[in-house]
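The values are calculated or read from the model by the stated rules, or taken from the named source; none is laboratory data. Since we're looking at a predicted model, the values are computed, not measured. FYI the Cβ positions are ideal-geometry reconstructions off the backbone, even for glycines, and counts take in every protein chain you see.
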Amino acid sequence: MAMTFSTYTVEPIGVIRSEITSLDDSPRQGYEGAPEVWIELDERVAAGLDGLTVGDQLIVLTWLHRAQRDVLQVHPRGNQDAPLRGVFATRSPARPNPVGIHRVSLVEIDGHRLKVAPVEAIDGTPVIDIKPALARADFY
């Protein structure tokens, strides 16, 4: 069976505003000391926030815009002593489609801005979607 591919366009709905400005300063995972961040959403999607409340657990999908897209194997967590593994077996940001996934707590709502934590993404990272976290089905 031959595979056919289509091209899709993903439009950001917002942007991460973080104290982290360098990839070198970013923890590898949110639970490793990542800060609270603001998600500034486009006003056109503000109505989509209806029903969210402080304390909610969310999944934030980001586009890791500074990640390498031509890498298919990495040393896990950058450890050169570890054997190479395919990126689909790792959480490496380097991958063909660098979608970041962040499980966060909603800390504050201010108009069309959300304060969430923890997020290891750098300042300026595009946000492509937000979903409620489901305790039984989601990753940890």
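In the stretch 52-96, how many residues are assigned to a loop (DSSP other than H, G, I, E, B) and closer than 23 Å to P118 by Cβ? Reasoning before the result, please.
As a first pass, look at the stretch 52-96 and keep what is assigned to a loop (DSSP other than H, G, I, E, B): 52-56, 64-72, 75, 79-84, 90-96.
Pick out the ones that are also closer than 23 Å to P118 by Cβ and you get 52-56, 64-67, 79, 90-95.
Number of matching residues: 16.
Between S105, S92, which is under 16 Å from the mean Cα position of the chain (by Cα), buried (at least 18 other Cβ atoms within 10 Å of the Cβ) and among the polar types (S, T, N, Q)? Before you say what the answer is, go through the steps one by one.
Numbers: S105 fails: buried (at least 18 other Cβ atoms within 10 Å of the Cβ).
Exactly one of S105, S92 is under 16 Å from the mean Cα position of the chain (by Cα), buried (at least 18 other Cβ atoms within 10 Å of the Cβ) and among the polar types (S, T, N, Q), namely S92.
If we scan the stretch 50-65, do we find a residue that is surrounded by fewer than 14 Cβ atoms within 10 Å (Cβ to Cβ), farther than 16 Å from P35 by Cα, touching a His at 6+ places or on another chain (Cβ under 8 Å) and among the hydrophobic types (A, V, I, L, M, F, W, C)?
no
Out of all the residues in the stretch 3-17, which are closer than 17 Å to T125 by Cα and either at pLDDT below 90 or in contact with a helix residue (DSSP H, G or I) (Cβ under 6 Å, 6 or more places away or on another chain) (or both)?
I13
Quick check: anything in the stretch 63-72 farther than 19 Å from P12 by Cβ, charged (D, E, K, R) and touching a strand residue (DSSP E or B) at 6+ places or on another chain (Cβ under 7 Å)? Spell out how you get there, then give the answer.
So the first thing to find is which residues in the stretch 63-72 are farther than 19 Å from P12 by Cβ, and the list is 68, 70-72.
With the extra rule that they be charged (D, E, K, R), the set shrinks to 70.
Adding the requirement that they be touching a strand residue (DSSP E or B) at 6+ places or on another chain (Cβ under 7 Å) leaves none.
Looking through the stretch 63-72, none of the residues is farther than 19 Å from P12 by Cβ, charged (D, E, K, R) and touching a strand residue (DSSP E or B) at 6+ places or on another chain (Cβ under 7 Å).
Might you check whether a residue that is out of contact with any His (no Cβ under 6 Å at 6 or more places or on another chain), in contact (Cβ under 8 Å) with a residue 24 or more places away in the chain and assigned to a loop (DSSP other than H, G, I, E, B) occurs anywhere in the stretch 106-113?
Checked the stretch 106-113: at least one residue is out of contact with any His (no Cβ under 6 Å at 6 or more places or on another chain), in contact (Cβ under 8 Å) with a residue 24 or more places away in the chain and assigned to a loop (DSSP other than H, G, I, E, B).
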